[in-house]
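Asks: I am attaching a structure below and will ask some questions about it afterwards.
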Amino acid sequence: MAQPADLLYSKEHEWVKIEGETALVGITDYAQNSLGDIVYVELPRVGKQIDQFGNVGVVESVKAVSDLFTPIGGEVVEINGALENDPAAVNRDPYGAGWLFKVKLTNAGETGNLLSAADYEKIATE
Amino acid sequence: MTASTDLRRTALHDDHARMGARMVPFAGFLMPVQYAGVLREHDAVRHRAGLFDLSHMAQFVLEGERVAEWAETLTINAVGSMKPMQARYNIFCNAQGGAHDDTIFYRLDGRWLLVVNGANAEKMWAHLQANRADDVRLTNLHGSRALIAIQGPKSVEMLQPHTNVDLANVKYYFCAEGSVYGHPAVIARTGYTGEDGFELFVDGEHASEIWNALLRDHAQDGLEACGLGARDVLRLEAGMPLYGHELTEEITPVQAGLQWALKTAKPEFIGRNALIEQMERDDYARVVGLVMEGRVPAREGYKVFLGDREVGEVRSGSMAPSVGGKNIATALVAKDAATVGTVLAVEIRGAKHDATVVQLPFYKRAK
């Protein structure tokens with residue numbers, strides 16, 4: 001699956017979609033494929049302040065627990081509650097229905113620390 | 001990290017690589033952990049059939065008139081009473097009753113096959129050598145003989161057209177010597193998934209042909225190549241111990257709930273006195289099954305509580321598709337926390353999650 005060109009990416013395989021003062025966050029197709037069948041996602045609480053690249057939760061596959069890092073800092077304003085009953089949405093549609101949480105940006109300049117789709121592609125295919 | 005070049009490869013390594021399996025180090029070998037995905041492979045085994053490469057497990061051949069008599073002194077289960085072509089689960093213990101390894105003996109024509117866990121292969125070979133009898137000949141085929149398992153309700157119909165053995169005559173935990181796709185094989189009705197199925201002991205040089213032919217001929221019937229990831233979920237659901245988790249040098253077969261395999265009527269074997277004493281005291285921590293209440297999976301090493309008191313730890317855990325998608329686990333807990341129906345709590349990242357003690361196995365196939 002190609003990386004959507006309109007998103008920004010972290011080296012830890014998360015994506016960010018900037019929507020004005022907020023940003024939507026998820027994990028990349030490469031990440032979901034590496035993890036395998038996802039059975040549980042633990043997300044930060046709504047209202048929590050999170051720092052860019054900080055550890056904010058876990059993503060668990062059948063076999064393994066992986067830390068979830070946020071590619072962007074801010075206040076969590078919404079989480080994808082549908083994942084509680086359907087964590088496999090992250091596998092099926094990592095850039096759509098499998099989104100994780102939405103943050104109100106603290107510092108829009110943090111996007112400068114992220115990668116373009118083309119640059120992320122190089123990391124993911126190394 | 002161990003470089004992948006240091007790892008041994010099974011006879012099927014190139015097939016796994018060609019098929020795009022995800023390879024991981026396991027028991028000193030580079031082994032497939034998954035092909036299409038753990039859940040899809042699990043589904044194939046429960047409803048159709050799955051094919052596994054288990055060539056990392058070690059095959060030892062035991063020969064001589066006194067093999068059974070000798071093996072009785074090293075193991076907790078009966079060996080001498082095995083019928084020709086019978087297979088039997090057995091455990092080698094240390095003097096304290098802890099488990100060196102859990103194994104299967106196969107009584108073949110004129111020789112015995114002993115299959116031990118890959119991770120314990122060197123330890124077990126050394127143990128057999130250290131306890132060897134003059135008139136028992138031991139041959140280590142680890143790495144040269146292959147082991148392919150076909151497991152699932154369709155195993156008989158998929159395998160039958162390709163073997164000269166009438167599989168209907170091979171009962172559960174028995175085996176036959178014959179051929180598969182024209183190549184010599186020991187065909188055993190054994191497995192580690194909780195389903196019907198066969199384990200095929202074949203020469204490494206024939207493994208690839210058999211593996212690819214079965215997939216070629218039965219992919220349309222739903223046969224899937226499966227990795228060790230699916231195998232671990234399948235065995236956990238079926239309540240089967242995995243060495244290093246439910247059984248260790250410290251965790252005895254009595255603690256693991258394997259008393260059915262312990263024949264204390266045998267006059268002398270390593271670990272006998274310790275195991276009898278442990279059973280009589282009956283105060284030991286024991287392995288129980290847990291079903292988690294919530295959606296958070298329990299994992300190995302997580303602490304287990306009864307009220308505020310820490311009573312043990314999780315030994316294996318997984319989401320279990322055949323247990324309604326619930327999270328299941330085994331845990332080694334204190335006796336007073338081990339009664340079926342007791343509600344315990346598993347501590348996961350600082351929060352306690354309820355889990356109920358249940359009877360093992362979690363899953364039993366319809367006969």
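Asks: Condition check: in a strand (DSSP E or B) and either without any contact (Cβ under 8 Å) to a residue 60 or more places away in the chain or surrounded by 20 or more Cβ atoms within 10 Å (Cβ to Cβ) (or both). Does A:VAL103 satisfy that?
Replies: yes
Asks: Yes or no: the stretch B:258-267 includes at least one residue that is within 14 Å of chain A (Cβ to nearest Cβ) and over 25 Å from B:ARG365 (Cβ atoms).
Replies: Checking the stretch B:258-267: not a single residue is within 14 Å of chain A (Cβ to nearest Cβ) and over 25 Å from B:ARG365 (Cβ atoms).
Asks: What residue, among those in the stretch A:31-46 that are crowded, with 16+ Cβ neighbours inside 10 Å and of a type in the set (D, E, K, R), is nearest to the chain's Cα centre (by Cα)?
Replies: In this case the residue turns out to be A:GLU42.
Asks: Another question about this same structure. Under the condition of being touching a helix residue (DSSP H, G or I) at 6+ places or on another chain (Cβ under 8 Å) and surrounded by fewer than 19 Cβ atoms within 10 Å (Cβ to Cβ), which residue from the stretch B:167-176 is nearest to B:ILE104 (Cα to Cα)?
Replies: Across the stretch B:167-176, the extreme among qualifying residues is B:LEU167.
Asks: Return the residues of the stretch B:117-175 that are part of a helix (DSSP H, G or I), among the aliphatic types (A, V, I, L, M) and outside the structural domain of B:ARG8 (by TED's automatic domain parsing); say none if nothing qualifies.
Replies: B:ALA119, B:ALA121, B:MET124, B:ALA126, B:LEU128, B:ALA130
Asks: Now for a separate question. Return only the number of the condition from (1) surrounded by 14 or more Cβ atoms within 10 Å (Cβ to Cβ); (2) part of a helix (DSSP H, G or I); (3) within 14 Å of chain B (Cβ to nearest Cβ) that A:GLU110 does not satisfy.
Replies: (3) is the only condition that A:GLU110 fails.
Asks: Which members of the stretch A:31-47 meet the condition of being under 10 Å from A:ILE79 (Cβ atoms) and away from chain B (no Cβ under 14 Å)?
Replies: A:VAL46 - this is the single residue of the stretch A:31-47 that is under 10 Å from A:ILE79 (Cβ atoms) and away from chain B (no Cβ under 14 Å).
Asks: Now a separate question. Tally time: how many residues in the stretch B:327-352 are closer than 29 Å to B:GLY37 by Cβ and crowded, with 19+ Cβ neighbours inside 10 Å?
Replies: Adding up the residues that qualify gives 7.
Asks: Filter the stretch A:59-79 down to the residues that are more than 11 Å from the chain's Cα centre (by Cα) and within 14 Å of another protein chain (Cβ to nearest Cβ), then identify the one that is modelled with the lowest pLDDT.
Replies: A:LYS63
Asks: Tell me, which strands (runs of 3 or more DSSP E) wholly within the stretch B:194-298 include 3 or more residues that are farther than 22 Å from B:TYR35 by Cα, in the same structural domain as B:THR339 (by TED's automatic domain parsing) and modelled with pLDDT of 95 or more?
Replies: B:286-292
Asks: A further question on this structure: Listed residues B:VAL291, B:VAL304, B:VAL254; which is touching a residue at least 60 places away in the same chain (Cβ under 8 Å), more than 14 Å from chain A (Cβ to nearest Cβ) and closer than 22 Å to A:LYS63 by Cβ?
Replies: Checking each option against the conditions leaves just B:VAL291.
Asks: Go through (1) surrounded by 21 or more Cβ atoms within 10 Å (Cβ to Cβ); (2) under 27 Å from A:GLY20 (Cβ atoms); (3) within 12 Å of chain B (Cβ to nearest Cβ) one by one and return the number of the condition A:ASN55 breaks.
Replies: (1)
Asks: Here's a follow-up. Anything in the stretch B:223-251 that is among the small types (Gly, Ala, Ser), within 14 Å of chain A (Cβ to nearest Cβ) and touching a Gly at 6+ places or on another chain (Cβ under 9 Å)? List them, or say none.
Replies: B:GLY229, B:ALA230
Asks: Any residue in the stretch A:12-30 that is within 14 Å of chain B (Cβ to nearest Cβ) and crowded, with 16+ Cβ neighbours inside 10 Å?
Replies: yes
The values are calculated or read from the model by the stated rules, or taken from the named source; none is laboratory data. Please read all numbers here as calculations on a predicted model, not as lab measurements. So basically every Cβ, Gly included, is an ideal-geometry build from the backbone, and we count neighbours across all protein chains shown.
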